[in-house]
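For reference, the structure is listed below as structure tokens.
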Amino acid sequence: MKKFIKALLLPPAMMIASCTGNVQPQEEGFNYIDERFADIQMLRYNVDGFDSLTLKQKTLIYHLQEAALWGRDILFDQNGRYNLEIRRIMEKLYMEYDGDRTSEDFKAFEVYLKRLWFSSGIHHHYGSEKFIPEFSREWFVAQTACPEEIAEVIFNPEVMPKRVNQAQGEDLILTSACNYYQGVTQAEAEAFYARVKAEGDQLRPVMHGMNSTLVKDSDGTIYEERWTTKGKYGKSLSKVVENLKLAKAYAEDEKQQEVIGKLIEYYETGDLHTFDEYTIAWVENTAPMVDFVNGFTESYGDPLGMKASWESIVNFKDTEATKRTEKLSANAQWFEDNSPVAAEFKKENVKGITAKVIKAAILGGDLYPSTAIGINLPNSNWVRAEHGSKSVTIANLTHAYAESSNGNGMLDEFVYSQAEADLIRQYGGVTDDLHTDLHECLGHGSGKLLPGVDSEALKAYGSTIEEARADLFALYYLADPKLVELGLLPNNEAYKANYIGQMQNGLLTQIVRVKLGEEIEEAHMRNRALIAYWAYANGKGKAENGKDVIEMVKREGKTYICINDYAALRNLFGQLLAEIQRIKSTGDFDAARNLVETYGVKIDYNLHKEILDRYAALDIAPYKGFINPVYTATKDEAGNITGVSISYTEGYAEQMLRYSKDYSVEE
Ligand code: ZN
């Protein structure tokens, strides 16, 4: 399972409390933002900390990132059976075209190719609809002598219009362009797997169908063509395995060696029991600094949700962020004891959770270039239940998202004054990360239900109330001197940056994600609106100088928010936290409904229109993805790696063309 960052991104202090966090000393002049095309903004991520790893760890990463890059073509083919052929025709044209490269046709073609690379195919990575070429069919066919069949796939909007069709009532396999089934109907595929599942282990079922194409022969026989080193995708998988074998020699402990060994065995046999053994070893292998995902993993690309797309990420622990979460966890009882919540609702023995924070070193397959910011694996239900799961947040990616939003104009457009903008620029990052840590490590784990209270008592309002509880816990404690004492914040002013950001987001900017005229539905958004509008309403006339604690100010027709009394705002957060905890502890459904419906759902139409107009004027690309860094190994005469360096200068097209050249074998 994946946590994706939402399409629309706000500046650091206004970011949703997505579950991650890290304060990183920034490399001077690191360029987070790269080129933009169509609806996409390309970014870069900084693998800071890599240089501090040992040579053995760097060498392990080097081999694992090679293994990560070798699966790229598999995904292109999984996404559609013509994707690789189209990519090859187009890359050839792109490199060899000697006509006018500034012509409208060529420029439109270049954008199309960049989109194809981004989506690993001819369908949109997010919406899954086929791209409409803005260059002419005549021009393209004249340049490439591309076969009629391929031209139809590219240009005819009726052919393969969607990669994944989820429309009820249609044959989802026949109407989806993804390449997981050949010649079978949805009914045939469902019947096939119903039988396979019925015949298999019911208690600990393997994930049937996840690593094969379901094929119907000319004589009507239906069978699975396995994706193994000797089967389908055999050449690519053999290269993956070759690099995994090199990596295995540099594993950090015996368990990790076993993990890599099991993965190799599974790629060679396709045996799903071996896959389960591999995931169990993987989930239990928590000691090493370096970790990875490599394989057929998520099934979002199959309309039946069985076939898994190939992906890889190689990563290492973020030691600084982990120290931070460990500090919070170690003091969990202090935070519980000192919260404004009534004593009867507090936990006598609270255990903080240490969030695992990692840094991505390479992204591959279905995690590249568009990626997730959090990963929770494995997906097998019984493995999760019996052996647990690894849940991580990817700090350097989230950080890159936040940094890249810095220059997008959001901050200047929506912040009330220069003083506030300065606070956000200075402390937005550190306080956002800490907010997330407090929310995840302490907020969700604090408090208790009274005996006999049903944990589902708040029904549809439960998740909004739960998120509000965790957010309020974070907001209340961000302003506590304890955090400065623990060395987690630089001073007693820094928290203000988060207060401004959170209130501005909750009152104004988060509604850019909602269509005009509609209400807020998503639980995290409802929670943020609830907190902000409740504090706004309950702080009227309560500031030290008799003003409102939070003021909505109009200037030249634009709405801004201004916090007049930070200490009073903290008290309001404390009051609301106590009430929200009471609601949760006692299962007070009516109070939950009343709070959420009053403050968390409705949007003022005129304000909504104003915010949407201001946002549209900023022209921010809705989707983002990452260019990978390049790893270079230096070797001695015997071929042993003596050093691994990292660089960030490769361009997007350059990278894609290199991957196509160096990590591609005709199957
Ligand atoms: Zn949460």
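Values as computed for the structure displayed
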read-out: Test result for Q510, modelled with pLDDT of 95 or more and within 24 Å of A419 (Cβ to Cβ); value: no
read-out: Filter result for the condition that a residue is open to solvent by 10 Å² or more (accessible area, probe 1.4 Å), in a helix (DSSP H, G or I) and within 16 Å of the ligand (Cβ to nearest atom), over D432, D422; value: D432
read-out: Matching strands (runs of 3 or more DSSP E) fully within segment 567-655 where at least 3 residues are without any contact (Cβ under 8 Å) to a residue 12 or more places away in the chain; value: none
read-out: Qualifying positions in segment 463-497 - more than 16 Å from the ligand (Cβ to nearest atom), out of contact with any strand residue (DSSP E or B) (no Cβ under 9 Å at 6 or more places or on another chain) and closer than 30 Å to E522 by Cα; value: A479, D480, A494, Y495, A497
read-out: Segment 453-489, residues that are of a type in the set (D, E) and either part of a loop (DSSP other than H, G, I, E, B) or more than 19 Å from W534 (Cα to Cα) (or both); value: D454, E456, D480, E485
read-out: Candidates E386, E440 - the one that is open to solvent by 10 Å² or more (accessible area, probe 1.4 Å), farther than 30 Å from Y560 by Cβ, out of contact with any strand residue (DSSP E or B) (no Cβ under 7 Å at 6 or more places or on another chain) and within 16 Å of the ligand (Cβ to nearest atom); value: E440
read-out: Some residue of segment 54-66 being more than 22 Å from the chain's Cα centre (by Cα), part of a loop (DSSP other than H, G, I, E, B) and either under 26 Å from N294 (Cβ atoms) or free of Cβ contacts under 8 Å to residues at least 24 places away in the same chain (or both); value: yes
read-out: Options E551, E610; residue that is under 25 Å from H435 (Cα atoms) and surrounded by fewer than 18 Cβ atoms within 10 Å (Cβ to Cβ); value: E551
read-out: Residues that are aromatic (F, W, Y) and modelled with pLDDT under 95, drawn from segment 108-128; value: Y126
read-out: Which listed residue is more than 16 Å from the ligand (Cβ to nearest atom), small (G, A, S) and farther than 14 Å from F473 by Cα, from A523, A529, A568; value: A568
read-out: Restricting segment 165-181 to residues that are in contact with a Leu (Cβ under 8 Å, 6 or more places away or on another chain) and among the aliphatic types (A, V, I, L, M), the residue that is farthest from E225 (Cα to Cα); value: L172
read-out: Test set (1) surrounded by 14 or more Cβ atoms within 10 Å (Cβ to Cβ); (2) modelled with pLDDT of 95 or more - V164 fails condition number; value: (2)
read-out: Which numbered condition G200 fails, given (1) over 13 Å from K307 (Cβ atoms); (2) open to solvent by 60 Å² or more (accessible area, probe 1.4 Å); value: (2)
read-out: Neighbours by Cβ (under 6 Å, 6+ apart or cross-chain): first from segment 369-382, within 14 Å of A281 (Cα to Cα); second open to solvent by 10 Å² or more (accessible area, probe 1.4 Å) and of a type in the set (A, V, I, L, M); value: S380/M207
read-out: Sole residue being over 30 Å from the mean Cα position of the chain (by Cα) and among the hydroxyl-bearing types (S, T, Y), chosen from T221, T229, T175; value: T221
read-out: Any hit, segment 510-517, residues being within 16 Å of the ligand (Cβ to nearest atom), farther than 19 Å from Y476 by Cβ, touching a Gly at 6+ places or on another chain (Cβ under 9 Å) and in contact (Cβ under 8 Å) with a residue 12 or more places away in the chain; value: no
read-out: Cross-chain or 6+ apart pairs with Cβ under 7 Å, segment 255-266 first and touching a residue at least 24 places away in the same chain (Cβ under 8 Å), then not in a helix (DSSP H, G or I); value: K255/N285; Q256/N285; Q256/P288; V259/N285; L263/N294; L263/G295
read-out: Every residue from segment 394-419 that is open to solvent by less than 20 Å² (accessible area, probe 1.4 Å) and over 30 Å from K554 (Cβ atoms); value: I394, A395, N396, L397, T398, A400, Y401, S404
read-out: Flag if Q502 is within 22 Å of the chain's Cα centre (by Cα) and open to solvent by less than 10 Å² (accessible area, probe 1.4 Å); value: no
read-out: Residues of segment 445-454 classified as surrounded by fewer than 17 Cβ atoms within 10 Å (Cβ to Cβ) and within 16 Å of the ligand (Cβ to nearest atom), total; value: 0
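The values are calculated or read from the model by the stated rules, or taken from the named source; none is laboratory data. This one's a predicted model, so the numbers in the text were calculated from it and none came from an experiment. Ideal geometry is used to build each Cβ from the backbone, glycine not excepted, and the neighbour counts take in all protein chains shown. These accessible areas exclude ligands, DNA and RNA; they are computed on the full protein's heavy atoms, side chains included. Shrake-Rupley method; radii C 1.70, N 1.55, O 1.52, S 1.80 Å.
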